[in-house]
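Reading through the structure tokens given below for one structure.
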Amino acid sequence: MELQAILAYQEEDKKLYALERELAGCPERKDYIKRKKFLEAAADKLDAFDAKAAQLKNEARELTKRYLRTEDTLKDFAHLDELVEGGADIAFYKKSALSLSDELKKIKSELAALTAAVNSTHEEYQKLKKQVIAMQKQYKESFEKYNAVKASKEGERREIEGKLAELKKGIPEDVMEKYRTKRKEKVFPVVGKLKDNRCPFCSMQPPLAAMSKLTGGGVIECDNCHRILYE
């Protein structure tokens, strides 16, 4: 009696499953999901841009410090003639000048690279920003279209769910809970009749010990696909 009740429930549930598959595969939902995923990914990309901007800002700050230190050192050369006349070691200042020249070249090179990185990041950010603004509008439209499709099926869904509510009254709660659990795991159909002593869904043959439990209207669970089987 219990088996017949769950089979009757599953037969009606097939209609609900088919309706769910129809909605899941409709173009309106696919379009909605596509735009939703883009916006979710865009949020991560915008966070990455914030991190990149902070990195570039730190690099610019460090480059500025290096330039200012170099500028302070250059002040020592303001009165070089007087220092040389006073007996200062010209070789020392020549070596210092070469070192400063190399440092200035490095700063210039790094500044050019930093400027290019800033410009590139800015361009990418502006491009993404425009895409996000356009996609937000498209997302809203696709969301409304998908909701309209769901609304058109709501009457059918409620009718099926009403019948299922009546049918489940004849099914023990523990059996119903097991059925619902498997249904949530995308296992459907949940219950099936053995065919040639094999699972009709995955063709796995149950062990002899499990087969012995089928006598008298018992049921077992397939070790492979975990569906409920009867003989």
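Couple of notes before you dig in:
Residues checked against (1) more than 23 Å from ASP13 (Cα to Cα); (2) part of a loop (DSSP other than H, G, I, E, B):
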{"residue": "GLU177", "(1), (2)": "no, no"}
{"residue": "PRO189", "(1), (2)": "no, yes"}
{"residue": "PHE201", "(1), (2)": "no, yes"}
{"residue": "ALA210", "(1), (2)": "yes, no"}
{"residue": "GLY217", "(1), (2)": "no, yes"}
{"residue": "ILE220", "(1), (2)": "no, no"}
{"residue": "CYS225", "(1), (2)": "no, yes"}
{"residue": "LEU229", "(1), (2)": "no, no"}
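- Count of segment 152-188 residues, restricted to those that are open to solvent by 40 Å² or more (accessible area, probe 1.4 Å) and of a type in the set (A, V, I, L, M), is 2.
- Taken together, ALA117, ALA165, ALA134 contain a single residue that is free of Cβ contacts under 8 Å to residues at least 24 places away in the same chain, assigned to a helix (DSSP H, G or I) and farther than 25 Å from PRO27 by Cα, which is ALA165.
- Failed item in (1) modelled with pLDDT of 90 or more; (2) in contact with a Phe, Trp or Tyr (Cβ under 7 Å, 6 or more places away or on another chain); (3) closer than 19 Å to LYS14 by Cβ; (4) aliphatic (A, V, I, L, M), with ALA165 passing the rest: (2)
- Count of segment 1-59 residues, restricted to those that are within 30 Å of LYS163 (Cβ to Cβ), touching a residue at least 12 places away in the same chain (Cβ under 8 Å) and of a type in the set (D, E, K, R), is 8.
- Note on segment 1-101: enclosed helices (runs of 4 or more DSSP H) holding 2 or more residues that are within 30 Å of PRO189 (Cβ to Cβ) and at pLDDT 90 or above are 2-24, 27-74.
- Cβ-Cβ distances below 6 Å connect the following pairs, each with a first residue in segment 189-216 that is open to solvent by 40 Å² or more (accessible area, probe 1.4 Å), a second residue that is among the small types (Gly, Ala, Ser), and a separation of six or more residues or different chains: PRO200/GLY192; PHE201/GLY192.
The values are calculated or read from the model by the stated rules, or taken from the named source; none is laboratory data. Because the structure is predicted, anything quoted here is derived from the model rather than measured. Virtual Cβ from ideal backbone geometry, glycine too; neighbours counted across all protein chains shown. These accessible areas exclude ligands, DNA and RNA; they are computed on the full protein's heavy atoms, side chains included. Shrake-Rupley method; radii C 1.70, N 1.55, O 1.52, S 1.80 Å.
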